[in-house]
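Asker: Following this message is one structure expressed as structure tokens.
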Amino acid sequence: MVTMNSEQSACRRKPGENSDIGGTVDRYRTRDNQVNQCNNQNGDAVDKSPGSPTYHITASCAEDTPNYLVYQKMEAIVEKMSDEVTGVPVKTVKNFMTKTPSVFTGTDLISWMMKTMAIDDQEALHVAHLMASHGYFFPIDDHCLTVKNDNTFYRFQTPYFWPSNCWEPENTDYAVYLCKRTMQNKTRLELADYEAENLAKLQKMFSRKWEFIFMQAEAQSKVDKKRDKLERKVLDSQERAFWDVYRPMPGCVNTTEMDIKKACRSYRPVSKSSKHLQLGIASTDIPSQSEPCAVSLIETLSKEIEVLKARLDRSSTKVSKVSEALIAYFEQYIEYDPFFIQPELTNPWISDNSEMWEQDKLAKEVSTRRVKRWAFSLQELLQDPVGREQFTRFLDKEFSGENLKFWEAVQELKTLPQKEVQTKVNEIWNEFLGPDASCPINVDSQSYEITKKNLQKPDRWCFDIAAAHVYHLMKSDSYSRYLRSEMYKDFLSGSKKKTSVKGIRSIVSFSGRRDTATS
């Protein structure tokens with residue numbers, strides 16, 4: 001039996017719980033009282049009467065939990081399931097030597113959910129799995145709280161152990177439970193491997209008060225032996241299922257972990273003070289606090305509304321679209337990834353081969369693989385010195401070479417020392433944007449006015465707006481026309497043409513030699 005600290009136990013249980021499955025709640029509470037008599041020899045008893053403060057704390061404890069509404073919905077379904085007439089058929093299975101009381105099969109459970117909730121078998125199995133993971137029903141022979149659509153036997157959990165009772169069992173309670181299991185010579189009560197490891201850890205952790213834990217386990221074991229055999233079997237399985245929820249076996253989901261977002265929303269200081277305003281209670285004890293509480297509540301709600309509006313205005317991208325873009329990006333660049341494909345020129349720091357540093361000087365020997373990369377983006381084209389040179393020639397033919405010159409000058413401005421910035425800014429303005437500019441560029445009026453205003457306090461970034469506009473023009477117009485031009489296509493197929501020309505020359509020279517030999 002779970003023997004939490006008496007004060008915490010009283011604070012976390014619902015008062016007046018009348019719903020009972022199998023009549024086990026009252027027996028458990030009697031059992032808890034008997035064990036607590038042993039515990040109270042070392043401390044004071046806790047007042048649980050309706051007039052005590054503990055009773056009023058209990059009434060609102062369950063409602064303060066973040067998952068209270070979820071628990072309510074699941075418990076409403078479980079109450080319908082446990083109905084003797086219209087619920088899931090619960091029976092006692094008789095074998096040759098034993099009886100298995102108060103069980104139902106997974107097939108009956110799924111069939112009832114499909115019929116009552118009007119859902120298909122897959123959805124019914126999923127909902128049943130979620131409810132079992134919270135401990136509302138459990139398999140009688142397995143620590144893994146899952147549901148299968150077969151003849152596996154399951155049993156309902158007593159409402160005393162439902163998660164809506166806000167259980168927070170401590171390690172000492174778990175140690176008492178495991179220690180009690182070792183005292184009972186039953187095959188079904190043998191500790192699993194992970195439970196034996198947990199018991200060893202707890203025994204090492206509580207070595208100083210292990211005698212007290214052993215006494216509690218012994219007292220609970222004596223109480224259990226006085227019960228009927230079938231009743232004891234049901235109670236043992238329900239207690240085991242309780243610990244399977246709060247101390248799950250490795251690999252299982254722990255449903256008792258609280259979401260941090262729900263916890264933050266649940267423990268706001270405004271909620272407790274605003275209950276008087278919601279219920280309309282006129283009390284002489286809180287007249288001075290009601291107005292500040294109302295103001296703080298309004299401010300909190302106003303902030304929430306502003307945050308939600310900001311979320312609506314924020315652009316969102318589907319994860320599927322992002323993943324498709326990432327996959328396309330890596331498929332495009334995998335040819336140039338040295339981890340997957342051997343690069344054309346080896347790393348000079350590893351092989352002592354300096355061809356990589358000298359490749360910019362060898363414009364005639366640019367590989368087709370390198371030229372293909374220019375078509376990925378304008379950034380790739382401008383990063384390659386040979387590609388930038390080819391693009392500059394194309395722009396000169398198109399009479400728009402001043403755009404690239406202006407963009408390069410702005411990029412160079414960002415790398416200059418501070419003492420040269422003022423001089424470079426004046427040069428760029430007089431050459432590209434001034435009234436008597438030698439190479440005037442075409443920018444919109446808005447960018448021009450912003451740039452002119454920035455010159456009042458010139459810095460490295462005063463031309464960024466105009467440079468961004470020019471870069472967009474090159475990317476959307478000049479770059480796309482360059483990729484369609486004969487200039488790029490000829491450069492792309494240059495290596496192939498060179499190979500074919502060499503082959504023709506070799507054939508001609510061979511035929512010429514043969515004619516000379518015959519003559």
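The values are calculated or read from the model by the stated rules, or taken from the named source; none is laboratory data. All values reported here derive from a predicted model rather than from experimental measurement. For neighbour counting, all protein chains shown are included, and Cβ atoms are generated from backbone atoms with ideal geometry for every residue, glycine included. The protein model used for the area step is the full one, side chains on, heavy atoms only, and it has no ligands, DNA or RNA in it. Shrake-Rupley method; radii C 1.70, N 1.55, O 1.52, S 1.80 Å.
Asker: Could you give the length gained by full extension between L326 and I119, i.e. 0.36 nm per residue of separation minus their alpha carbon distance, to one decimal place?
Answerer: Here the segment from L326 to I119 would lengthen by 70.8 nm.
Asker: Which order do V443, V371 take when ranked by solvent-accessible area (1.4 Å probe, heavy atoms of all protein chains), largest first?
Answerer: My answer, sorted largest first, is V443, V371.
Asker: For the pairs K180/K225; K180/K233; K94/K226; K372/K489; K99/K225; K424/K453, flag any whose C-alpha to C-alpha distance is greater than 21 Å.
Answerer: K94/K226
Asker: Related question: Give the accessible area for M114 in Å² (nearest 10); use a 1.4 Å probe, count only protein heavy atoms, and leave out ligands, DNA and RNA.
Answerer: 80
Asker: Counting only protein heavy atoms, what percent of the accessible surface of segment 149-263 is carbon or sulfur at a 1.4 Å probe?
Answerer: After summing per-atom areas, the C and S share lands at 51 percent.
Asker: Now for a separate question. Can you send over the solvent-accessible area of W374, 1.4 Å probe, protein chains only, in Å² to the nearest 10?
Answerer: Surface open to solvent at W374 totals about 0 Å².
Asker: What spacing in nm lies between the two simple spin-label points modelled at L416 and I350, each 7 Å away from Cα in the Cβ direction?
Answerer: My value for the distance between the label points is 4.1 nm.
Asker: Sticking with this one: How large is the accessible surface of F161 in square angstrom, using a 1.4 angstrom probe and rounding to the nearest 10?
Answerer: Approximately 10 Å² of F161 is accessible to the 1.4 Å probe.
Asker: Suppose the chain between Q379 and E304 were pulled fully straight at 0.36 nm per residue; how much longer would it get relative to their current alpha carbon spacing?
Answerer: 22.8 nm
Asker: Going by the alpha-carbon gyration tensor, a ≥ b ≥ c the square roots of its eigenvalues, is segment 306-400 rounded (a/c under 1.5) or, if a/c is not under 1.5, prolate (a/b greater than b/c) versus oblate?
Answerer: Oblate.
Asker: Normalise the Debye intensity by I(0) for segment 110-179, one equal point scatterer per Cα, no solvent, then take log10 at q = 0.21 Å⁻¹ and round to two decimals.
Answerer: Summing over Cα pairs of segment 110-179 leads to -0.98.
Asker: Suppose R0 equals 22 Å; then what is the FRET efficiency for C144 and E170 from their Cβ-Cβ distance, rounded to the nearest 0.05?
Answerer: The pair C144/E170 has a calculated efficiency of 0.35.
Asker: Under the 0.36 nm per residue contour assumption, what length would be gained going from the current alpha-carbon distance of E449 and F339 to full extension?
Answerer: 34.7 nm
Asker: Another question, if that's okay. For E231 and K209, what does the FRET efficiency come to when R0 = 22 Å and r is the distance between their Cβ atoms, rounded to the nearest 0.05?
Answerer: 0.10
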